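Note sheet for the following structure.
The values are calculated or read from the model by the stated rules, or taken from the named source; none is laboratory data. Since this is a predicted model, take the numbers as computed values, not measurements. Every residue, glycine as well, gets a Cβ built from its backbone with ideal geometry; the counts of neighbours run over all protein chains shown.
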Amino acid sequence: MSLRNTLGAAVLIATAIIGCSGRDEPVPDGGPDGCTGACNQNDGGTKPDGGVRVCPAADSQGRGPIGILRAMGTRGQAVRLEHLVVTVVDSITRGSQGDYIAYFWAVDPCFPKEGIYVDKFYTDATTNYRPEVGDEVTIDGLYRQYNSIASDADETRHAYRPVLKSDFRLGVPGVTGRLIITKTGTGTVPQDITVPATFGDANGGEAKANADHGGARIHIPGPVSITNANPPALKQRPDSPENGVHLGFEVTGGVLVNNYKTFGETRDGGSTRCDWRNVVNDGGTVSFPNGIRGVWDTYSFVPCADGGFTSADGGTFSSCNFALRDAGVVPGTSNDSTYVLYPQDCATDLPGVVGTP
């Protein structure tokens with residue numbers, strides 16, 4: 001069977017066999033699509049009509065539809081994924097017409113270690129959909145990895161990241177299509193996946209460690225601590241010796257942490273932020289007795305031919321544009337991208353304890 005046919009069959013399984021939503025109530029229309037009970041891959045749950053519900057079958061490597069897409073999907077492939085649950089909302093921008101640009105992660109609770117990034121523009125249907133954690137959704141869209149210069153992404157760090165999106169800047173002749181997100185109810189958000197102590201060693205950015213957990217929220221158990229507040233792989237401007245800013249830090253076990261949502265002073269209307277890098281650079285220590293949490297996904301750095309750059313926290317500080325960008329790479333390596341942890345807050349994901357050497 002060809003690669004395309006294998007992937008197509010797996011995605012069809014997700015639609016032909018009722019997916020596992022993990023929710024406890026039927027869909028709003030009261031049809032036979034609801035699930036009661038645990039509704040996970042082991043017991044299947046029960047449908048309102050009393051029948052047994054089964055999750056999509058895994059492939060020979062234990063992967064579900066999202067896992068297969070991330071590993072084998074082709075650019076521009078039309079995909080329909082049902083019974084996904086929104087786990088993390090990355091960012092939202094509201095337009096004047098009540099429409100939204102939204103970026104978020106979602107998983108199929110039947111395969112909770114497999115997540116997918118979703119890129120919704122104002123004009124994508126439904127225009128006024130605003131994602132919330134726990135939304136159960138069906139998504140019709142086109143699969144891709146953001147291109148090597150991230151000209152089809154909102155952030156350069158997303159270069160090469162697997163994503164569902166419309167045909168915007170797809171670059172595949174003859175392939176068109178919108179992103180359609182249909183909210184079907186509210187689902188149970190899977191618990192963070194607790195990973196083993198050997199998880200996530202990026203080898204300084206040389207490795208794509210544990211790609212099979214891509215797009216999922218994970219928990220790296222404690223105790224761990226910051227071992228390098230200035231890892232070369234996360235340097236903001238690697239070709240500029242005088243610039244000492246780094247876009248995160250490294251913790252025990254070689255795990256890279258991108259801190260774009262937690263660094264700096266209080267922002268976003270008063271939300272608490274924690275700049276653990278500065279604590280270490282000022283001579284202190286930071287440990288995480290209960291471990292750290294966040295989304296595990298790709299990271300790349302897209303340099304600019306004129307020496308400029310686009311920052312990882314959303315602000316553009318130079319004349320860097322698409323025409324001047326070089327292909328993404330992990331600084332200090334020849335690797336195009338690596339996997340890093342993306343904590344979402346300080347209280348839950350990065351509850352650090354400050355000490356002295």
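Quick notes
- The residues on offer are Ala202, Ala233, Ala197, Ala209, and the sole one that is within 26 Å of Val353 (Cβ to Cβ) and more than 21 Å from the chain's Cα centre (by Cα) is Ala197.
- Between Thr184, Thr188, the distinction of being of a type in the set (S, T, N, Q) and assigned to a strand (DSSP E or B) belongs to Thr184 only.
- The condition (being farther than 21 Å from Val86 by Cβ and free of Cβ contacts under 8 Å to residues at least 24 places away in the same chain) is satisfied by just one residue among Asp152, Asp167, Asp201: Asp152.
- Pairing residues of the stretch 170-192 that are of a type in the set (Lys, Arg) with residues that are in a loop (DSSP other than H, G, I, E, B), at Cβ distances under 6 Å and at least 6 apart in sequence or on separate chains, gives Arg178/Asp124; Arg178/Ser166.
- Count of the stretch 110-149 residues which are under 30 Å from Pro196 (Cβ atoms), touching a residue at least 60 places away in the same chain (Cβ under 8 Å) and in a loop (DSSP other than H, G, I, E, B): 5
- Lone unmet requirement of (1) modelled with pLDDT of 95 or more; (2) in contact with a Pro (Cβ under 8 Å, 6 or more places away or on another chain); (3) surrounded by 22 or more Cβ atoms within 10 Å (Cβ to Cβ) for Asn290: (3)
- Any hit, the stretch 232-240, residues being touching a helix residue (DSSP H, G or I) at 6+ places or on another chain (Cβ under 9 Å) and at pLDDT below 95: yes
- Residue match in the stretch 122-139 (condition: surrounded by 15 or more Cβ atoms within 10 Å (Cβ to Cβ), assigned by TED's automatic domain parsing to the domain that holds Gly64 and within 30 Å of Ala305 (Cβ to Cβ)): no
- Leading residue by the ranking (farthest from the chain's Cα centre (by Cα)) among those in the stretch 80-98 that are surrounded by fewer than 21 Cβ atoms within 10 Å (Cβ to Cβ) and in a strand (DSSP E or B): Arg94
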